[in-house]
Amino acid sequence: CFCQLHGKIDDCTCNVDTVDHFNNVKIYPRLRSLLHKGYFRFYKVNLRRPCPFWSDDSRCAIRYCHVETCEEEDIPVGLKGSLLSSPTKNQNSDLHVTQSCKDDHNTELGYLNTTISAKVQEDIVLWSAYDDAQDNFCAIEDNDNESEYVDLLLNPERYTGYRGESAHRIWRSIYMENCFRNTKSDNPYIHSSKLNNMCLEERAFYRAISGLHTSINIHLCAQYLLADGLTEPNGKWGPNLNEFQNRFSKENTHGEGPHWLRNLYFVYLLELRALNKAARYLSKEEFYTGNESEDWDTQLAVVDLLNVVKKFPDHFNESSMFTGSDQAEKLKYEFKQHFRNVSKIMDCVGCDKCKLWGKLQIQGLGTALKILFSGKFDESSDLTSLDKRKFQLQRSEIVSLVNSIGRLSTSIYELDEFRQMLR
Ligand code: FAD
């Protein structure tokens, strides 16, 4: 069967079968339950940003592209407003720049000192935010005025009917960003036989995007519209084996389908590696939503997940990327710029539901790349430098990373179900 994959995953050292077993038995069930927790369920996103690349971004009228917004009272109290972490953390935070000057004898000078030191501290905060932003692979929309919370459980990723030139233009533009190619052709899709001529970084970029593309398309096959809302109140959703075969069989894809499926494993290992690398940081996170008992459960569930991830032998090995030549830093810079463009292309997706999940998954992948390549999570880095004072992953980065891994993990699980159906 075209979807029965064996052997090593390209540019990684572990086997497809090992990943299947590990994911389906250990990771998938844990993530499924974790992603129901309030902290991971609500994602703040701006779906109304104008497309920066072309003007005829037609708003989509497809019924299944609609995104359900959530009621104010549904949003956990700790996520509302600007309260992003627990009150205790906020009190200790660097952002708390005002000082008491009651001990100053010279009130005027005291005032001056206070304002200067407040200004210096404020500058430090702004500069460290600026420094952190240099590590970002995507723009963060958390504090954007137009961003709104979306309940991800109310808006599952599934078949929407979004297709045709609008969808193709997005995919084409994304693959065009595949870095470092001097000649941009009209056909940005790469044949797998050409991959070996590329440098590792370029291959990794392509495989990550292609793996994400595979994951999105597997979801729409596994959660296909089997009967519409006219016959079933909210539509009937389930697997469509024909759709899956049409999209991934060798015959229908000039032999590329199985390679695209393998890329799913590649991006999964890449993101899992990032999760493992950020484990020390994440195990200290409070996952604050204001619901004390659920927050505690979330912390335990995350630590349990991290312990399982740690035991998996061969994640993606990022240490061979962006090293070894004078050009390495330049290459990394370019890689980042191209990836940022991909994140901007998401504003041009003409189906809100697809845009929601597209943005979340690109941000999740961007967060993974930031963890892998900023140097701040390296083994050698002192844990205190991962302290909130000096470095911070925003809540939306954590939510998008874990949800993205959840999506990829679900795709690997659903792929196995298709295999069984084909058997
Ligand atoms: P497409 O999937 O549009 O692919 C275009 C071309 O890319 C193909 O002709 C092929 O040459 C190449 N290609 C295909 N797969 C791969 C791969 N894995 N790796 C490398 N190259 C590949 N639809 C939904 O129903 N639900 C969704 O939630 C959804 N989310 C989307 C999110 C985004 C960001 C985008 C851009 C699209 C989304 N879509 C969604 C649409 C969906 O991905 C397809 O574009 C659509 O179903 C049309 O499919 P297609 O067969 O024409 O080929």
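The values are calculated or read from the model by the stated rules, or taken from the named source; none is laboratory data. Quick caveat: nothing in here was measured; it's all calculated off a predicted structure. As a convention, Cβ positions derive from the backbone with ideal geometry for all residues, glycine included, and neighbour counts pool all protein chains shown.
One table, with the values for the structure above:
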quantity: Enumeration of residues in the range 1-19 that are surrounded by 17 or more Cβ atoms within 10 Å (Cβ to Cβ), over 21 Å from the mean Cα position of the chain (by Cα) and not in a loop (DSSP other than H, G, I, E, B); calculated: V16
quantity: Sole exception among (1) assigned to a helix (DSSP H, G or I); (2) in contact (Cβ under 8 Å) with a residue 24 or more places away in the chain for Y288, by number; calculated: (1)
quantity: Residues satisfying the stated conditions in the range 351-379, i.e. assigned to a loop (DSSP other than H, G, I, E, B) and either away from the ligand (no atom under 16 Å from the Cβ) or modelled with pLDDT under 80 (or both); calculated: S374, G375, K376, F377, D378, E379
quantity: Pairs with Cβ under 6 Å, 6+ apart, first in the range 195-218 and under 19 Å from Q361 (Cα atoms) and of a type in the set (F, W, Y), second near the ligand (Cβ under 9 Å from one of its atoms) and not in a helix (DSSP H, G or I); calculated: Y206/I190
quantity: Residues that are in a helix (DSSP H, G or I), of a type in the set (F, W, Y) and touching a Lys or Arg at 6+ places or on another chain (Cβ under 9 Å), drawn from the range 23-64; calculated: Y39, Y64
quantity: Residue list for the range 193-214, filter: over 24 Å from Q337 (Cβ atoms) and modelled with pLDDT of 95 or more; calculated: T214
quantity: Residue within the range 380-400 that is within 16 Å of the ligand (Cβ to nearest atom), closer than 30 Å to H168 by Cβ and modelled with pLDDT of 95 or more present; calculated: yes
quantity: Any chance G235 is farther than 30 Å from E379 by Cβ, surrounded by fewer than 22 Cβ atoms within 10 Å (Cβ to Cβ) and touching an Asp or Glu at 6+ places or on another chain (Cβ under 7 Å); calculated: yes
quantity: Among residues of the range 310-348, those that are in contact (Cβ under 8 Å) with a residue 24 or more places away in the chain and either of a type in the set (D, E, K, R) or outside any helix (DSSP H, G or I) (or both), counted; calculated: 16
quantity: Selected residue (only one of A222, A227, A301 is over 24 Å from I27 (Cα atoms), hydrophobic (A, V, I, L, M, F, W, C) and either surrounded by fewer than 21 Cβ atoms within 10 Å (Cβ to Cβ) or more than 19 Å from the chain's Cα centre (by Cα) (or both)); calculated: A227
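Residue-by-condition table, conditions (1) more than 16 Å from the ligand (Cβ to nearest atom); (2) buried (at least 19 other Cβ atoms within 10 Å of the Cβ); (3) on the phi > 0 side of the Ramachandran plot; (4) at pLDDT below 90:
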residue	(1), (2), (3), (4)
D297	yes, no, no, no
M321	yes, yes, no, yes
D326	yes, no, no, yes
K330	yes, no, no, yes
K344	no, no, no, no
V349	no, yes, no, no
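For every residue, the table says whether it meets (1) modelled with pLDDT of 95 or more; (2) in a loop (DSSP other than H, G, I, E, B); (3) out of contact with any strand residue (DSSP E or B) (no Cβ under 9 Å at 6 or more places or on another chain); (4) near the ligand (Cβ under 10 Å from one of its atoms).
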{"site": "C221", "(1), (2), (3), (4)": "yes, no, yes, yes"}
{"site": "N234", "(1), (2), (3), (4)": "no, yes, yes, no"}
{"site": "Q245", "(1), (2), (3), (4)": "yes, no, yes, no"}
{"site": "L261", "(1), (2), (3), (4)": "yes, no, yes, yes"}
{"site": "L264", "(1), (2), (3), (4)": "yes, no, yes, yes"}
{"site": "Y281", "(1), (2), (3), (4)": "no, no, yes, no"}
